[in-house]
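Everything on this sheet refers to the single structure shown next.
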Amino acid sequence: MKARLPLVLRKKRLYFSVAAFLFFIYAYDFMEMRASSEAFGRALAENPFGYQAHFSYYEAGGRKVRYLEIGSDSLPLVVFIHGAPSSSSFWKGLLRDSSLLSKAKLLAVDRPGYGYSGYGVPETSVKKQAELIADIIKEKRGRHPAVILHGSSYGGTVAARIAMDFPALVDGLLLQSASVAPGEEKTFAFSRITENLLLRWLLPGSIHVANVEKLSHQVQLDSMANLWARIRSAVIVLHGKADSLIYPSNALYAQEHLSNASYLEVEMLDGRKHDLLWTKKDLLLSSLNKLIELSAHRVAMSGGER
């Protein structure tokens, strides 16, 4: 029979675990979640075209959303929508990629509750998040021959909802490790524990927002279950077979439900986890290029009408 640790050692281990967890989430929050417009703009200026990023805010329904644009207005528009916890800074590598900037103008948002979009204040309604981002796209749409959405993780949920609710606005959709199947994702015990009122104040704003979103995922995805046939754009779905956060079954769910997509490609990646932005960046770029090409062909075949 295995001997139990003395009470004092068990308490020390518990305190150390809590301290390590808090250090991790604060460090992660500090490093990834809150890039100021000035600092982010300087980082994005490191591109061969000399493009400068322009930061703006859109406000509606009591929410204020920060977004940035970089590139030429004459090109297709690629819109990046991050997961949780994260912000527009998640996309830094793609936003200054020379091959992508040569083919598209790039736009990235801080989803409500993250970055500089009402940091720390959750918005659980995917429909409302989709409306806010769609309103930003509508303002830009006339300048660009096509619009491509790239959503990662829970950003994929929001991207899919935009394509459902505003099908005429979207020409291409890239779902990267996207949460789309109700209940098919890992929910950590601490997501519930730390949302206790006595513990919530310990959390950085982005972690609190991510927890609140996580606990509402299934309800939100259930509300989208009968809307998938509205998506008419070209769609590419990429998912790691070893993804233990958003399970690979999400990609199969999308494949089954995207019955009216003008083009559908689903790729399941052996041995890959939830980190495709870092481990499969070339595949993300080639997928975006394919969607840009497909959208150009679609516009040409329609005689410029969408």
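With 0.36 nm allotted per residue and the present C-alpha distance subtracted, the residue 215-residue 39 stretch has 60.1 nm of extension available. Mean sequence separation of contacting Cα pairs (under 8 Å, at least six apart), scaled by the length of segment 52-297, corresponds to a relative contact order of 18 percent.
Pairs exceeding a 24 Å alpha-carbon distance, out of 127/186; 127/273; 64/127: 127/273. Applying 1/(1 + (r/R0)^6) with R0 = 25 Å to the Cβ-Cβ distance of residue 282 and residue 249 gives a FRET efficiency near 0.45.
Grab the alpha carbons of segment 52-297, take their convex hull, and tell me the volume per residue in Å³. If you can, show how the numbers build up before the last one.
Numbers: hull volume 27.9 nm³, N = 246.
Taking the convex hull of the Cα positions in segment 52-297, it is 114 Å³ per residue.
Going by Cα centres, segment 46-68 and segment 240-299 are how many Å apart? Measuring centre to centre over Cα atoms gives 26 Å.
Within segment 63-115, antiparallel bridges make up roughly 50 percent of the DSSP beta bridges whose residues both belong there. Other residues within the sphere of radius under 10 Å centred on the Cβ of residue 244, judged by their own Cβ, net out at 0 (K and R +1, D and E -1).
The 3J(HN,Hα) values that the Karplus relation (6.51, -1.76, 1.60; θ = phi - 60°) gives for segment 150-160 are, in residue order, 10, x, 10, 6, 6, x, x, 4, 5, 4, 4 Hz. Gly and Pro appear as x.
Coordinate-derived values only; no laboratory data. No experiment lies behind these values; they were computed from the predicted model shown. Ideal geometry is used to build each Cβ from the backbone, glycine not excepted, and the neighbour counts take in all protein chains shown.
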